[in-house]
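Below you'll find the structure, written out as structure tokens, and then a few comments.
Derivation of every value follows stated rules applied to the coordinates shown; laboratory data play no part. A quick note: this is a predicted structure, and the numbers were derived from the prediction, not measured. With ideal geometry, Cβ positions are generated from the backbone for all residues, glycine too; neighbour counts draw on all protein chains shown.
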Amino acid sequence: MTLPHILPLLAFLLHLAGILAAMHAVMNTRTAQGAFAWALGLSLLPYVTLVPYLYLGRSHFHGYVTLHRAHHRRLSQTTRRGERVGVPESCVRYSEMAQMVRGTFHPGQQLKLLVGGEAAFEAMFQAIARAEQCILMQFFIFHDDMLGQRMQHALLERASAGVRVFVLFDGIGSHALPGHYVETLRKGGVVIYPFATRRRPNRFQLNFRNHRKIVVVDGSLGFLGGLNVGDEYLGLKPPLAPWRDTHLQLAGPAVVELQRSFAVDWHWVTGELPPMLPSSPAQGSAHTLIAATGPADPQETCSLFFTAAINAAHKRLWLTTPYFVPDQAVMSALRLAVMRGVDVRVLLPSRPDHFTVFLASTLHARDAIAAGIRIYRYQPGFMHQKVILIDDDTACVSSMNLDNRSFRLNFEIGALNVDRAFAADVERMLTEDFGKAVEITREEYRRSPYVRRLAMHVARLFDPIL
């Protein structure tokens, strides 16, 4: 068969594949907007959209969902016996959050705000060095660089001392991690695996990433937040340096929830359970709710978490996020907060690490400003922290970004803390951050060249996968 005969056949087969993929998109994409966008593109332009759909279009998975929910129920039944039931009076306005994530506001938490990569990793390394029984560790990204090698050595040292060490990393987030890094850890006694929602590798699946960052030492001390294991998180990689991020250290009964979250993911990957050690006694003043969210949840838990947090604000709502791509529910909640007189401020980066997301964020920022939301851009370097301050008594530190990927496609985790002393610490931190930021107006959009404004609107078309 000659080339002139082959090309029409290939074009026909490609369009047929596009139509079949469009039917799959209509049946499986979570939102109507996303289904319409994929179906239109796949039907009319399969040459452009078919390959991206193979990587980004899948929005459902089954084996992990079934096991995740069953295992979560089993863990809850076996480890929550005897725990206090109900919501403390100071936390009543967040009761729907606790019900949604099937969690508990644990009293007596001791909290420490870790501002910046150096402070956060020093605290983690000190805790790891003191480990006597078990270390649970989960990060989205591991790099084989200076920080990654220091972490490798710290884990190997504890494993050689007889401490049981369990590590999860995301297979896509850590795609650049060389095999010898993992093998060195395994040979040294560290049990380490990549996370994926399918046990059999699927190179056509980039969704459903495990974006959680968890460290638990001896069941008593926990860490979570926005940092990953890489030199850029210490601000050592221009042009994004200095890197602004925040982590949380917590001790008390809520640490058991971090163990549960890790255990569910670990059991999916390995078929086994890691040790579940008792947490330290309640000696602090904070009530803490651990919210582990993800696409295996019956509802879109992360988006609802943000919506509920915004709706709970009476006087103040300060948000920091590297990516500002809110869905309709979150944007409506922000608008309503402004209408009821809440001081709503959002701190964004002034430098992009993902250009398409940055363009979409800029357009959403314009719409937010028009609604009365105050938008700031952090000037010294890249701003990656995920922090919420509500009124004078509540603060959340998490791995959750304000975008569709966190809302619906990634596994995330956060700690909502009700405590005036901790909220005051967060207020001081954010006041300093806002002092290093510039408030922007709608002029940022108006002054942009036409081509850049057009690029913003095109980038927003990709909101469902950003």
**Study point:** Rel. contact order, % - alpha carbon contacts under 8 angstrom, at least six apart, region 107-232
**Key:** 35
Practice item. Just the number, please: percent antiparallel of the DSSP beta bridges in the chain, rounded to the nearest 5. Key: 65
Review point. Assuming a viscosity of 0.692 mPa s and a temperature of 37 °C, what translational diffusion coefficient in µm² per second does Stokes-Einstein assign to the chain, Rh being the Kirkwood radius over Cα pairs?
Key: 142
Point to revise | Per-bin percent of Cα-Cα distances, region 301-465 [10 Å] | key: 11, 41, 38, 9, 1
Review point. Just how large is the dipole of region 272-430 about the Cα centre, in debye to the nearest 20, putting +1 at every Lys and Arg Cβ and -1 at every Asp and Glu Cβ?
Key: 580
Point to revise | 13 Å beta-carbon shell around H143, net charge (K/R +1, D/E -1) | key: -3
**Study point:** Model label zone, F36; criterion: amide N under 16 Å from point 7 Å along Cα-to-beta-carbon; scope region 327-367
**Key:** 328-329
Check your understanding: R0 = 45 Å: FRET efficiency of L20 with S160, Cβ-based, nearest 0.05?
Key -> 0.25
Practice item. Out of all DSSP beta bridges with both ends in region 301-465, state the antiparallel percent to the nearest 5. Key: 60
Point to revise | Under 10 Å, Cβ to Cβ, from R374 - net charge with Lys/Arg +1 and Asp/Glu -1 | key: -1
Review point. According to a simple spin-label model (label point 7 Å from Cα along Cα-to-Cβ), what is the distance in nm between E439 and M27?
Key: 5.3
Revision key, fill the gap. When C134, C91 are ranked with the fewest other C-beta atoms within 10 Å first, the list becomes C134, C91
Study note, to complete from the structure: For S279, other-chain or 5+-apart residues with amide H closer than 5 Å (H placed, Pro excluded) are none
Revision key, fill the gap. Taking Lys and Arg as +1 and Asp and Glu as -1, residues besides D218 with C-beta under 13 Å from its C-beta add up to +2
Exercise for review: Report the relative contact order of the chain, percent, no decimals, based on alpha-carbon pairs under 8 angstrom and at least 6 residues apart.
Suggested key: 16
Practice item. State, to one decimal in nm², a quarter of the convex hull surface area for the C-alpha atoms of region 120-277, i.e. the direction-averaged projected area. Key: 9.1
Practice item. Compute the Cα gyration tensor for region 194-341, then decide on rounded, prolate or oblate, letting a ≥ b ≥ c be the square roots of its eigenvalues: rounded whenever a/c is under 1.5, prolate when a/b is larger than b/c in the other cases, and oblate in all that remain. Key: rounded
Exercise for review: Would you mind pulling out the separation of the Cα centroids of region 136-202 and region 277-303, in Å?
Suggested key: 24
Study note, to complete from the structure: Per-residue ellipticity at 222 nm attributable to helices in the chain (runs of n ≥ 4 DSSP H, -39500 (n - 2.57) apiece, nearest 500 deg cm²/dmol) works out to -13500 deg cm²/dmol
Check your understanding: Using the 10 angstrom Cβ neighbour count as an exposure proxy, how do T246, T293 rank, fewest first?
Key -> T246, T293
Point to revise | Length released on extending from A370 to M339, taking residue separation times 0.36 nm less the Cα-Cα span | key: 9.9 nm
**Study point:** Rough spin-label spacing in nm, given labels placed 7 Å along Cα→Cβ, for E427 and K315
**Key:** 0.6
